[in-house]
Amino acid sequence: MRPDRNELIRMLSLQDQDELDDLYKQAYEIKKQQVGTKVYFRGIIELSNICSKNCFYCGIRSGNPDFKRYTISMQEALREAKWCFDQRYGSLVIQAGERTDEAWVDFITELVAGIKELSGGKLGMTLSLGEQSEEVYARWFEAGAHRYLLRIETTNQELYKSLHPADHSLEYRLKCLRSLRKVGYQVGTGVMIGLPGQSMADIADDILFFFDEDVDMLGMGPYIPHQKTPLKHLVDSFDPELALQLGLKLIAVCRIALKDINIATTTALQALHPEGRELGLLAGANVLMPNITNTEYRDGYQLYEGKPCLDENADQCINCLSRRIASIGESIGFDEWGDSLHFFKRKQ
Ligand code: SAM
Ligand code: SF4
């Protein structure tokens, strides 16, 4: 049933801590019934911080000259993927700034095929590489990727315009999401919450968009301002507690409204609170994306300030993560893809 817009706005507007706790509990019950309490890991490789786009909120936008650009070599990326496979993570995510040139498309095709080969087809693969043509999405799908994450960022046309240069288009992003579906990917999208000028009605409309587009996965998070962006004036007034609350509310309301999709608890939550990702699981998320990028590259991938684990290597992260997940009574789906149940139900 299509969620009721007023009810979404009501839930998103809750402020009282007891009422919020009830909301998280309600979402957790729905998660338990619909997708269970197993957490699926997708090790995330931040492959490159080179980006041809210039989104006003993002620390690695092309217009930020103040840091070194990198691209991880094929050999290094395959080594990280192998590490992920050996740790028995079911899947990985390859994320980077957006590039559409032929050399990049070929590089990704080869990398995806290489990861498929090294894991004997056992490692699930999600890509998050921005807007591409349908042909490129198809090439990467044929090479072995089967999920794609492309956040719509906001469905409010005016807000989208205020956060992007004139040549970035909401319509084109939507077209890309539909191409991904057509090619056969499990499609993930999402928005940022707490953007300047965004209302709870906007977020309710975003959730209705997720429902109408019948998405399989969501990766959403609070917006965190960055000093080296055109939105730097928001840094001083930024309230991390409020941003965390917004991020958790968004997860909970999406779980209540959309039921059986996969929802990620994102690093942005951890940047706001040491246990932010566990709180995300308790608010209804069921997917976690540990960072497996070699620490040498991590300070080059600062989308926002305060990004955690910059100097922690991936091994340390997995140990502390396993303990944290056990401490909230959940288990890890080792060696499992943990695909979206929603995707399979739609396919039936
Ligand atoms: N370039 C690809 C794209 O934009 O789809 C993938 C990488 S991009 C860094 C991944 C996501 O980071 C974006 O979809 C955006 O929502 C998020 N992001 C960028 N800047 C952010 C910020 N300041 N706070 C929170 N999330 C941010
Ligand atoms: Fe590039 Fe993605 Fe950042 Fe936009 S959000 S500037 S496309 S990396």
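Laid out as a table, the results:
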quantity: Unique residue being surrounded by fewer than 19 Cβ atoms within 10 Å (Cβ to Cβ) and within 27 Å of E110 (Cα to Cα) when the list is A166, A143; calculated: A143
quantity: Checklist (1) over 18 Å from G276 (Cβ atoms); (2) open to solvent by 20 Å² or more (accessible area, probe 1.4 Å) applied to D239, failing item; calculated: (1)
quantity: Top-ranked residue in region 222-271 [being touching a residue at least 24 places away in the same chain (Cβ under 8 Å) and among the basic types (K, R); ranked as farthest from D205 (Cα to Cα)]; calculated: K228
quantity: Matching option when the condition is within 16 Å of ligand 2 (Cβ to nearest atom) and acidic (D, E), among D236, D299, D212; calculated: D299
quantity: Filter result for the condition that a residue is among the aromatic types (F, W, Y) and under 29 Å from Q227 (Cα atoms), over F67, F85; calculated: F67
quantity: Failed item, numbered, when K175 is tested on (1) open to solvent by 20 Å² or more (accessible area, probe 1.4 Å); (2) not in a helix (DSSP H, G or I); calculated: (2)
quantity: Pairs with Cβ under 6 Å, 6+ apart, first in region 132-155 and within 12 Å of ligand 2 (Cβ to nearest atom), second of a type in the set (D, E) and part of a helix (DSSP H, G or I); calculated: none
quantity: Only one of G221, G276, G306 that is surrounded by fewer than 17 Cβ atoms within 10 Å (Cβ to Cβ) and touching a helix residue (DSSP H, G or I) at 6+ places or on another chain (Cβ under 6 Å); calculated: G306
quantity: Cross-chain or 6+ apart pairs with Cβ under 6 Å, region 203-220 first and farther than 24 Å from G338 by Cα, then of a type in the set (A, V, I, L, M) and part of a helix (DSSP H, G or I); calculated: I203/L12; A204/L8; A204/I9
quantity: Lone unmet requirement of (1) surrounded by 20 or more Cβ atoms within 10 Å (Cβ to Cβ); (2) under 22 Å from I9 (Cβ atoms); (3) away from ligand 1 (no atom under 15 Å from the Cβ) for L208; calculated: (1)
quantity: Test for L258: is it open to solvent by less than 40 Å² (accessible area, probe 1.4 Å) and over 24 Å from M125 (Cα atoms); calculated: no
quantity: Test for I72: is it in contact (Cβ under 8 Å) with a residue 12 or more places away in the chain, within 16 Å of ligand 2 (Cβ to nearest atom), more than 25 Å from R324 (Cα to Cα) and touching a strand residue (DSSP E or B) at 6+ places or on another chain (Cβ under 6 Å); calculated: yes
quantity: Which numbered condition K228 fails, given (1) within 16 Å of ligand 2 (Cβ to nearest atom); (2) modelled with pLDDT of 95 or more; (3) surrounded by fewer than 20 Cβ atoms within 10 Å (Cβ to Cβ); calculated: (2)
quantity: Residue within region 180-198 that is assigned to a helix (DSSP H, G or I), away from ligand 1 (no atom under 14 Å from the Cβ) and touching a Phe, Trp or Tyr at 6+ places or on another chain (Cβ under 6 Å) present; calculated: yes
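Let's see how each residue does on (1) surrounded by 19 or more Cβ atoms within 10 Å (Cβ to Cβ); (2) of a type in the set (V, I, T):
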position: A77; (1), (2): yes, no
position: Q87; (1), (2): no, no
position: A103; (1), (2): no, no
position: T109; (1), (2): no, yes
position: I115; (1), (2): yes, yes
position: K122; (1), (2): no, no
position: L129; (1), (2): yes, no
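The values are calculated or read from the model by the stated rules, or taken from the named source; none is laboratory data. What you see is a predicted model; the values in this text were computed from it and never measured. Every residue, glycine as well, gets a Cβ built from its backbone with ideal geometry; the counts of neighbours run over all protein chains shown. Heavy atoms of the whole protein, side chains included, go into the accessibility calculation; ligands, DNA and RNA do not. Shrake-Rupley method; radii C 1.70, N 1.55, O 1.52, S 1.80 Å.
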